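Here is the structure we will look at.
The values are calculated or read from the model by the stated rules, or taken from the named source; none is laboratory data. Just so we're clear, the structure is a prediction, and the values are computed from it rather than from any experiment. So basically every Cβ, Gly included, is an ideal-geometry build from the backbone, and we count neighbours across all protein chains shown. These area figures cover heavy atoms from the full protein model, side chains too; ligands, DNA and RNA do not enter into them. Shrake-Rupley method; radii C 1.70, N 1.55, O 1.52, S 1.80 Å.
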Amino acid sequence: MTSTLRRHLAVALGVATLLATEVTPALAHPAGPSPVEQLRQDTEAIHALGVSGVQARMIAPDGRQSVATSGTADLNTGRPVPSHGYFRMASTSKTLVATVVLQLEAEGRLSLDNTVDHWLPGVVRGDGNDGSRITIRQLLQHTSGIHDDLPGYTTPEEYYQQRHDVYGPEQLVARAMAHAPDFPPGEGWEYSNTGYVLLDMIILAL
């Protein structure tokens, strides 16, 4: 998917446009499409860009939900995209994890300067890894130095063989602990999925 498609997808799925009718004493302008109709138009526009299937959901302040779909969920059968479908968030979840951690810090339930060992004693150990030297702040900022070793796919065949495999957080952390750190805590930067797995575990430990 090109950057243009990603940009359109992010805008259409992440923003609900609220339209208001503007009335003047001399002339009333015709109302635009309703938010629900706008959502439907947005999904059609994304599909027209070349995305095979689109599902968009809008949640109003009162909790009411509207869903619009376009395109196909299965290119082989032509099955349409269902309104109740779901998809994997992947690294989008990191934004939500970071938000929860910052909320907990604001509530005084943890400190960003707490070490990993403070909440998960003994979890980050082995091959030079030391949870007593790594802080929550460093996990958030990808400066912990913890090496990433998540399961991955290098061929289409591997993807189809492994796509339904499920790993627990402890398993993922254990994979990382089999490697020496990439650098001492706070002395470098490297994108770390494992760091956010540890943040998930800290949240659950509270």
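Reported count of residues in the stretch 163-206, each being of a type in the set (Ser, Thr, Tyr) and open to solvent by less than 60 Å² (accessible area, probe 1.4 Å), is 3. Among the residues of the stretch 110-128, those that are in contact with a helix residue (DSSP H, G or I) (Cβ under 9 Å, 6 or more places away or on another chain) and either closer than 30 Å to His164 by Cβ or of a type in the set (D, E, K, R) (or both) comprise Asp113, Leu120, Val123, Val124, Arg125, Gly126, Asp127. Scanning for something over 20 Å from Gln38 (Cα atoms) and either under 17 Å from the mean Cα position of the chain (by Cα) or assigned to a strand (DSSP E or B) (or both), does the stretch 112-120 turn up at least one residue? Within the stretch 112-120 (the criterion being over 20 Å from Gln38 (Cα atoms) and either under 17 Å from the mean Cα position of the chain (by Cα) or assigned to a strand (DSSP E or B) (or both)), the answer is yes, since at least one residue qualifies. Residues in the stretch 84-100 that are assigned to a loop (DSSP other than H, G, I, E, B), over 19 Å from Val166 (Cβ atoms) and open to solvent by 50 Å² or more (accessible area, probe 1.4 Å): 1 in all. For Gly131, are the conditions met, namely being at positive phi and in contact with a strand residue (DSSP E or B) (Cβ under 9 Å, 6 or more places away or on another chain)? Considered against the rule, which asks whether it is at positive phi and in contact with a strand residue (DSSP E or B) (Cβ under 9 Å, 6 or more places away or on another chain), Gly131 comes out as no. For the stretch 128-162, the set of residues classified as modelled with pLDDT under 95 and open to solvent by 90 Å² or more (accessible area, probe 1.4 Å) consists of Tyr153, Thr154, Glu157, Tyr159, Tyr160, Gln161, listed by residue number.
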